[in-house]
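Read the structure below first, then the notes.
Only the coordinates and a few stated rules stand behind these numbers; no lab work does. Quantities reported herein were computed from a predicted structural model and do not represent experimental measurements. Note that we place each Cβ from the backbone using ideal geometry, even for glycine, and neighbour counts take in every protein chain shown.
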Amino acid sequence: MASQDSWVEYAKRMHRVLEYIDSHLDQPLELSALAEIAHFSAFHFHRLFSAWTGETLGEYLRRRRVEVAAMRLAAQPSLSVLNAALSVGFGSGEAFARAFKARFGASPTMWRREANDQRTRRNAQGGHFTPDRNPNQPNSNPDQEPSRTRVDHRASDSQSQEALMKVMLIDRDPIRVAYLRHLGPYGQPLSAFWQEVVFPWLVTNDLLGRPRYGISYDDPSITAADKCRYDACVEVPANFVANGGAMMTTIPGGKYAASRFRGNALEIGKAWSALLRDWLPASGLQLDARPCFEYYPPDAECDAGAFSCDIVIPVAPL
């Protein structure tokens, strides 16, 4: 029992650090400051971080920065390479270009040109754009058990470019959730994760019937499949105490774009691509550091392998 408690405490501290990194990629991230967030000594933190993630702190920060920048370059055609670099913490375009080429085998400009060419071809064919930089990875997010209760959110007036995809701009309040994390490929493995791990945990903790969320932190067409992170979340009461390996966090409030989806675990990847790669560039908006997620409202359907949810992305003015 003591060993399990120790593991949970280590996990909480490391999750806190990773969450902080994701929301502060545009700022200097010093080892000593991150060690303080984790409540470990700086001397031990670097070794513990490497053991936990399989990457040194420097490798992890460099990878997260170039991958987030790649997603922004694909989704925001008007974003300059330099501004993309600065938005994830690089001090110069040259340093960014070197790191980007080391990761993707192409310069940021060439990578985005390829992404734009693919989007143009697919749109002309009535399809959706999906980058081919990691062609062996599944480009999908999973189905999960539908929720039974409502989270209030307000839709603003739809604009012309939103009409085709039925995208709404909404304001959401911050939501406190408990979550279980999956590390690995998206798609069918996440369906199994919800069914075999999350659902029994929900039953044990009397959390059935509450709003649920699936947070995908990584783009599976950009990030290696074995490093993709996903949190299966459930809204919890204020006095809830996490157990069974679960962690606690808050899904930030603010302005989001949301689109209703109905289909299966393979088809939802196309819906994510349509929202991020087709709708967003024409919207006059951009992503910020908050995570994208799936929201399962009270009327979500789940039958014969099909399910419904809202796919939701954080947006801010350009």
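Relative contact order for the stretch 154-317: what percent, with Cα pairs under 8 Å and sequence separation of 6 or more?
29 percent
Cα to Cα, under 25 Å, and not fewer than 8 places away if on the same chain: which lysines meet these conditions relative to residue 255?
Cross-link targets: 166, 270.
Which GluC sites (Glu not before Pro) from the stretch 1-81 combine a DSSP loop assignment with at most 13 other Cβ atoms within 10 Å?
30
Multiplying the sequence separation of residue 166 and residue 117 by 0.36 nm and subtracting their Cα-Cα distance, what value in nm do you get?
Numbers: separation 49, 0.36 × 49 = 17.64 nm, distance 2.48 nm.
So the extension gain works out to 15.2 nm.
Estimate the FRET efficiency between residue 241 and residue 306 by the formula 1/(1 + (r/R0)^6), using the beta-carbon distance for r and 30 Å for R0, to the nearest 0.05.
It comes out at approximately 0.30.
Roughly speaking, what is the stretch gain from residue 51 to residue 80, that is 0.36 nm per residue apart minus the C-alpha to C-alpha distance, in nm to one decimal?
Result for the pair: 6.8 nm of gain on full extension.
Running Debye on the stretch 154-317 with equal point scatterers at the Cα sites and no solvent, what base-10 log of I(q)/I(0) appears at q = 0.11, 0.14 Å⁻¹?
For the requested q values the scattering log ratios are -0.45, -0.74.
Can you give the Kirkwood hydrodynamic radius for the stretch 2-116, in Å, rounded to one decimal and based on Cα pairs? Numbers along the way, then the final one.
Details: mean 1/r = 0.0655 Å⁻¹.
One over the average 1/r among Cα pairs gives 15.3 Å for the stretch 2-116.
Would you kindly state how much longer the chain becomes between residue 203 and residue 36 on full extension, computed as 0.36 nm times their sequence separation minus their alpha carbon distance, in nm to one decimal?
Using 0.36 nm per residue and subtracting the Cα-Cα distance, I get 56.5 nm.
May I ask for the Kirkwood hydrodynamic radius of the stretch 199-280, worked out over all distinct Cα pairs and given in angstroms to one decimal?
After inverting the mean inverse Cα-Cα distance, the result is 15.3 Å.
Pairs of Cα atoms under 8 Å, at least six residues apart: use those to get the relative contact order of the stretch 213-291, whole percent.
Once divided by the residue count of the stretch 213-291, the mean separation gives 26 percent.
Determine, from the Cβ-Cβ distance of residue 264 and residue 10 and an R0 of 30 Å, the FRET efficiency 1/(1 + (r/R0)^6), rounded to the nearest 0.05.
Efficiency, from the Cβ-Cβ distance: 0.25.
Putting +1 on Lys and Arg Cβ atoms and -1 on Asp and Glu Cβ atoms, find which of 203, 236, 263 reaches farthest to the positive end of the dipole of the stretch 154-317.
Projecting each Cα onto the dipole axis, the largest value belongs to 236.
List residues of the stretch 183-206, by number, whose backbone nitrogen lies under 19 Å from a label position 7 Å along Cα→C-beta of residue 226.
Those under the cut-off are 183-190.
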